[in-house]
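Engineer: Provided herewith is a single structure, encoded as structure tokens, for subsequent inquiry.
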Amino acid sequence: MVNSPAVEILAIAAHRDDAEQTCGGTLLKMAERGHRTGILDLTRGEMGTRGTAEDRAREAAEAARILRVGWREALDIPDARVENTWENRLKVARIVRLLRPRVVILPYWQGRHPDHYTASTLGYEACFVAGLKKAPLEGEPHRPFKIIYASLYYDVRPTFVVDISSQFEARLEALLAYRSQYEDQDAGKGLFPARAEIRARLETMAGFYGLLAGVKYAEPFVQKEVGLVEDVTAVPVSSL
Ligand SMILES: [Zn+2]
């Protein structure tokens, strides 16, 4: 289809910069392998301690460019008030129908920030609604083949990790594109790590998940469904 916004992989996240933090390396890696990717941010960041929603929109576009994301938009769900309502499910389902992703990446369903775990359930249920023929939505019904959960924000053993050793630097760069958030400044000084610490933190996290699989850096994912296997010799495992 000419000008189709369709993507193969869609990450749905509560806040701009969540996808960069939890699955940015994976999105870049998939783009490098020829898969078209997308990010749907549910909120626009108007409640943030630092910067305005307009700052964050510009920064999100720059981060998407660095990660070679083919499509990115933000919905107008209120920041710090992500709720799993029918209205919000329809908003997300409309995008799922438009983009028709084969794989959807959601936040893990437990966590500290209510927006994150609510986005998880909201995203899951929206994917279901998108597939209902009689849902009050324009477009053809579509249900993703697979939903996986980016679990970096929560201490849980991943089902699998993606090797992002080659994408690590770009992912860091994408996160630092959020200058209003991560540039050293006075506002929210006690809340935000200094820019110098960010690299160390990302290295530690990605290094930990990399270690689980015998690679330098990795991003963790949880899959709820049981994997279906034809050939046991072909199941990927870490080299440990
Ligand atoms: Zn967030």
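Engineer: Which one of these does residue 237 not meet: (1) touching a strand residue (DSSP E or B) at 6+ places or on another chain (Cβ under 9 Å); (2) hydrophobic (A, V, I, L, M, F, W, C); (3) modelled with pLDDT under 95?
Structural biologist: (1)
Engineer: Next question. Looking at segment 65-82 only, could you name the residues that are within 16 Å of the ligand (Cβ to nearest atom) and either open to solvent by less than 50 Å² (accessible area, probe 1.4 Å) or in contact with a Leu (Cβ under 8 Å, 6 or more places away or on another chain) (or both)?
Structural biologist: 72, 74, 75, 77, 78, 79, 82
Engineer: Moving on to the next point. May I ask you to verify whether residue 96 is β-branched (Val, Ile, Thr), in contact with a Cys (Cβ under 9 Å, 6 or more places away or on another chain) and away from the ligand (no atom under 16 Å from the Cβ)? Before you say what the answer is, go through the steps one by one.
Structural biologist: Values: β-branched (Val, Ile, Thr): yes; in contact with a Cys (Cβ under 9 Å, 6 or more places away or on another chain): yes; away from the ligand (no atom under 16 Å from the Cβ): yes.
Against the criterion (β-branched (Val, Ile, Thr), in contact with a Cys (Cβ under 9 Å, 6 or more places away or on another chain) and away from the ligand (no atom under 16 Å from the Cβ)), residue 96 qualifies.
Engineer: Please go through segment 68-114 and pick out each residue that is more than 23 Å from residue 222 (Cα to Cα), in contact with a strand residue (DSSP E or B) (Cβ under 8 Å, 6 or more places away or on another chain) and aromatic (Phe, Trp, Tyr).
Structural biologist: Residue satisfying the conditions is 71 alone.
Engineer: Tell me which residues, restricted to segment 112-141, are under 20 Å from the mean Cα position of the chain (by Cα), more than 16 Å from the ligand (Cβ to nearest atom) and surrounded by fewer than 19 Cβ atoms within 10 Å (Cβ to Cβ).
Structural biologist: Once the filter is applied, which keeps residues that are under 20 Å from the mean Cα position of the chain (by Cα), more than 16 Å from the ligand (Cβ to nearest atom) and surrounded by fewer than 19 Cβ atoms within 10 Å (Cβ to Cβ), segment 112-141 yields 125, 128.
Engineer: Consider residue 109 against the criteria (1) touching a Pro at 6+ places or on another chain (Cβ under 7 Å); (2) within 16 Å of the ligand (Cβ to nearest atom): it satisfies all of them except one. Which criterion is unmet?
Structural biologist: (1)
Engineer: I've got another one for you. Kindly check whether there is at least one residue in segment 158-170 that is open to solvent by less than 60 Å² (accessible area, probe 1.4 Å) and touching a Pro at 6+ places or on another chain (Cβ under 7 Å). Walk me through it before giving the result.
Structural biologist: Going residue by residue through segment 158-170, those that are open to solvent by less than 60 Å² (accessible area, probe 1.4 Å) are 158, 161-165, 167-168, 170.
Right, trim to touching a Pro at 6+ places or on another chain (Cβ under 7 Å) and you get 158, 161.
For segment 158-170, residues open to solvent by less than 60 Å² (accessible area, probe 1.4 Å) and touching a Pro at 6+ places or on another chain (Cβ under 7 Å): present.
Engineer: Looking at (1) within 30 Å of residue 133 (Cα to Cα); (2) open to solvent by 10 Å² or more (accessible area, probe 1.4 Å); (3) out of contact with any Asp or Glu (no Cβ under 6 Å at 6 or more places or on another chain), which is the one condition that is false for residue 39?
Structural biologist: (2)
Engineer: Mind listing just one residue for me: the one in segment 1-16 that is under 27 Å from residue 185 (Cα atoms) and open to solvent by 10 Å² or more (accessible area, probe 1.4 Å) and, of those, nearest to the ligand (Cβ to nearest atom)?
Structural biologist: To start, the set of residues in segment 1-16 that are under 27 Å from residue 185 (Cα atoms) comprises 13-16.
Cutting the leftovers down to open to solvent by 10 Å² or more (accessible area, probe 1.4 Å) gives us 15-16.
Details: 15: 4, 16: 8 Å.
Among those that are under 27 Å from residue 185 (Cα atoms) and open to solvent by 10 Å² or more (accessible area, probe 1.4 Å), it is 15.
Engineer: Taking only pairs six or more apart or across chains, which ones have beta-carbon atoms under 6 Å, a first residue in segment 193-220 that is in a loop (DSSP other than H, G, I, E, B), and a second residue that is at pLDDT below 95 and among the hydrophobic types (A, V, I, L, M, F, W, C)?
Structural biologist: Cβ pairs passing all conditions: 214/240.
Engineer: Is segment 21-41 home to any residue that is within 12 Å of the ligand (Cβ to nearest atom), in contact (Cβ under 8 Å) with a residue 24 or more places away in the chain, under 24 Å from residue 184 (Cβ atoms) and not aromatic (Phe, Trp, Tyr)? Can you show your working first?
Structural biologist: At the first step, the residues of segment 21-41 found to be within 12 Å of the ligand (Cβ to nearest atom) are 21-22, 41.
Checking the rest, the ones that are also in contact (Cβ under 8 Å) with a residue 24 or more places away in the chain come to 21-22, 41.
Those left that are additionally under 24 Å from residue 184 (Cβ atoms): 21-22.
Filter once more, keeping what is not aromatic (Phe, Trp, Tyr): 21-22.
Yes, that holds for at least one residue.
Engineer: For segment 142-176, name all the residues that are within 16 Å of the ligand (Cβ to nearest atom) and closer than 16 Å to residue 222 by Cα.
Structural biologist: Answer for segment 142-176, where residues must be within 16 Å of the ligand (Cβ to nearest atom) and closer than 16 Å to residue 222 by Cα: 149, 150, 151, 152, 153, 154.
Engineer: Kindly indicate whether residue 130 is hydrophobic (A, V, I, L, M, F, W, C) and over 30 Å from residue 49 (Cα atoms).
Structural biologist: Working: hydrophobic (A, V, I, L, M, F, W, C): yes; over 30 Å from residue 49 (Cα atoms): yes.
Judged against the criteria, residue 130 is a match.
The values are calculated or read from the model by the stated rules, or taken from the named source; none is laboratory data. Worth saying up front: this structure is predicted, and the values here are computed from it rather than measured. Backbone-built Cβ (ideal geometry, glycine too); neighbour counts: all protein chains shown. For the accessible areas, the whole protein counts, side chains as well, though only heavy atoms, and no ligand, DNA or RNA atoms are used. Shrake-Rupley method; radii C 1.70, N 1.55, O 1.52, S 1.80 Å.
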